[in-house]
Structure formats: C-alpha cells, structure tokens
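The block underneath contains the structure these notes are about, expressed in structure tokens.
The values are calculated or read from the model by the stated rules, or taken from the named source; none is laboratory data. A quick note: this is a predicted structure, and the numbers were derived from the prediction, not measured. So basically every Cβ, Gly included, is an ideal-geometry build from the backbone, and we count neighbours across all protein chains shown. Calculation scope for accessible area: heavy atoms of the full protein, side chains included, ligands and nucleic acids excluded. Shrake-Rupley method; radii C 1.70, N 1.55, O 1.52, S 1.80 Å.
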Amino acid sequence: MLRLAVKESNALRPIVNSVGFRGFHASAPREATLKELEIRLKSIRNIEKITKTIKTVAQTKLNRAQRSMDLAKKYQTVSNEFFDEAGTQAPKDGKTLLIACSSDKGLCGGIHSSISRLIRKELVDPNVEQNTSICVLGEKVRSQLHRYYPGSLYLTFAHIGGASPSYEEALQVSSNILENANEFDRIVIVYNRFASAVSFETVMKNLYTRQSIAESPNLFAYEASSEVHQPLMEYAFTNAIFAAMAEAHCSEMSSRRNAMENASKSAGEMINKFSTIYNRQRQASITNELIDIVTGANALG
C-alpha cells in the first residue's frame, strides 16, 4: 500500500511541475550595463540641448509675436467699434463655412488638437455637419480633420505660421476665401485667443457678411450707399483674419515655449535618475574589483 502511494506521487510530480511553472522564468531581468547607461545618458543630454534651444527661440519669437498681435488687434478693434455703432448682427444660421486658423508647425503641445476638438464638438449633429464646409489654414489641423470629415474640407492653405503673419498674407488668404464663399450664408472663424504667456483659449467667432451689413439698422447714420457694402465687408473680413492669425501665432509660440520647458525639465529629471543608477553600478564594479585584488593578495600570502 505504501509502495503504491509512492509510485502515484512520483507519477504526478512531473505533471505538477510542468503545470505549476509554465510561463515563468527563473532568471531575473538583466540590468543595463555601464556602456548602455552611458549611451542612454548621452542621448538624453542631446535631447535636453535641443529642447532648451527651441525654448529659447520660441521665447524670442513670442516677444515679437506679442508686438505684432497688439498692432493687428487695432485693425479689428476699429472694425468692431464701427459695426457696434451701426448695430450690425452677424448671422447665426444657414449654410456655414468654418475657418480653422492653425499652422504647419508642431512641438507646441495640444494647441492644434484644441481647434480640431472644438470643430468636432460643433459638428457632432449630422444635420449641422451636412450643412457645414471647412476651410483650414495650416497642415496640422487639416491632417486631423481629414480623418473625420474628408468630404467637408472646402479650402486648405499651407505654409502658414512660419513667421509672424503680415497684413499682405491675411489679404491673400481672405481674397481666396471670399472668391469661393458666395454660396455660404454664415462664416465662422475658429482660432486660439491669446490669454497670457502660459494659457490660451480656443474660440469661435461669427464674421459679418454683406447681407448682415446691408441690414444694419443704424448704418444710414453714416450716409453709406449700397456700393460700399461689399468693400466694407471685405475690409472687415480681412481685419478679422489678420487678427486671428496674429493671436493664433502668438498662442503657438507661447505653447511651444511651455512645452519645451516641460520637456527640458523631464529630460533633467531623467538625467538625474540615470546618473544615480550609473554611479551606483560604477561604484559597485569598482568595489568588486578591489575585493578581487585583496582576495588574490591574501591568497598569495
């Protein structure tokens, strides 16, 4: 009886071992060698140099962009004061053209994603999406919106955001948009409004059309004939595009500076972490070598 139990336990032992230890490894994970740590530290230091350089350039461009933004907003302020006194109301329904103001540049946090996110929120209703076309300034937002609304992209402009926008650039953009915007009843621009050096706000603004200007209740006080409605609308539209591009560029420079500052800080923390590991392993290897030397000297007597 005892012999039979021993045989049964011996027969079950291989099955238990094969099932109980399946998928497990007895060896511990291999630690990185000193050479691998040196290579990793060198690459992180190079990345830190790049991020610090981009941060410095963005800070310099931010100061210049803020001055350009202040000048550009004066054009829009004059237009807004005129239309406020005339009682002009921008249209709020009808066939809509959405103008997304971004750029071609990256490495600036989620500033482009915020624009595409707001547009997707606006077009969540299928009826609104069917009645809306999209015009995009810059390749970053275009590539994001093309995945969701490939059939709604009406116009796209590339090579935007390389430098501070000028009025001539805004005039070219607005002229191309107005040449193809006769079929729309409502024009809305989406851009990032500059709040401070560390924050921005993504907003949507309705622009004035020729019909809304013609229906202004107090426009007669300026003794303006119907012939000036179209030039007035084009001038106000260009001012709005110029101000939006200037604020978007300033917000982009601010976001890039903050993103590179955070990246440099993270790189510095990783350098400290890997430097500690490297020094610890180097000291351990030196200690082991000294122990081997002392042990060999004692063995020789």
Might you check whether a residue that is in contact with a helix residue (DSSP H, G or I) (Cβ under 7 Å, 6 or more places away or on another chain), modelled with pLDDT of 90 or more, surrounded by 13 or more Cβ atoms within 10 Å (Cβ to Cβ) and outside any helix (DSSP H, G or I) occurs anywhere in the stretch 56-79? no
With the requirement that a residue be among the β-branched types (Val, Ile, Thr), surrounded by 13 or more Cβ atoms within 10 Å (Cβ to Cβ) and within 24 Å of the chain's Cα centre (by Cα), what does the stretch 165-201 give you? VAL173, VAL188, ILE189, VAL190
Which condition does ALA267 not pass, out of (1) in contact with a Ser or Thr (Cβ under 7 Å, 6 or more places away or on another chain); (2) more than 17 Å from LYS49 (Cα to Cα), if it passes all the others? (2)
Take the residues of the stretch 230-256 that are open to solvent by 10 Å² or more (accessible area, probe 1.4 Å) and among the hydroxyl-bearing types (Ser, Thr, Tyr): which is farthest from ASP104 (Cα to Cα)? TYR235
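Of all residues in the stretch 83-109, how many are touching a residue at least 60 places away in the same chain (Cβ under 8 Å) and under 19 Å from the mean Cα position of the chain (by Cα)?
Residues that pass the stated criteria total 9.
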I want to confirm something. Restricting to the stretch 96-116 and keeping residues that are in contact with a strand residue (DSSP E or B) (Cβ under 8 Å, 6 or more places away or on another chain) and assigned to a helix (DSSP H, G or I), which single residue is farthest from HIS146 (Cα to Cα)? ILE111
Is there any pair linking a residue in the stretch 282-297 that is farther than 22 Å from LYS35 by Cα to one that is of a type in the set (A, V, I, L, M, F, W, C) and at pLDDT below 90, with Cβ under 9 Å and at least six apart or on different chains, and which? none
Open to solvent by 70 Å² or more (accessible area, probe 1.4 Å) and part of a loop (DSSP other than H, G, I, E, B): is that true of ASP93 in this structure? yes
Test ASN206 against the stated conditions and say whether it is at pLDDT 90 or above and either under 17 Å from PRO91 (Cα atoms) or open to solvent by 20 Å² or more (accessible area, probe 1.4 Å) (or both). yes
Out of all the residues in the stretch 149-160, is one or more within 30 Å of MET260 (Cα to Cα), within 19 Å of the chain's Cα centre (by Cα) and open to solvent by less than 20 Å² (accessible area, probe 1.4 Å)? yes
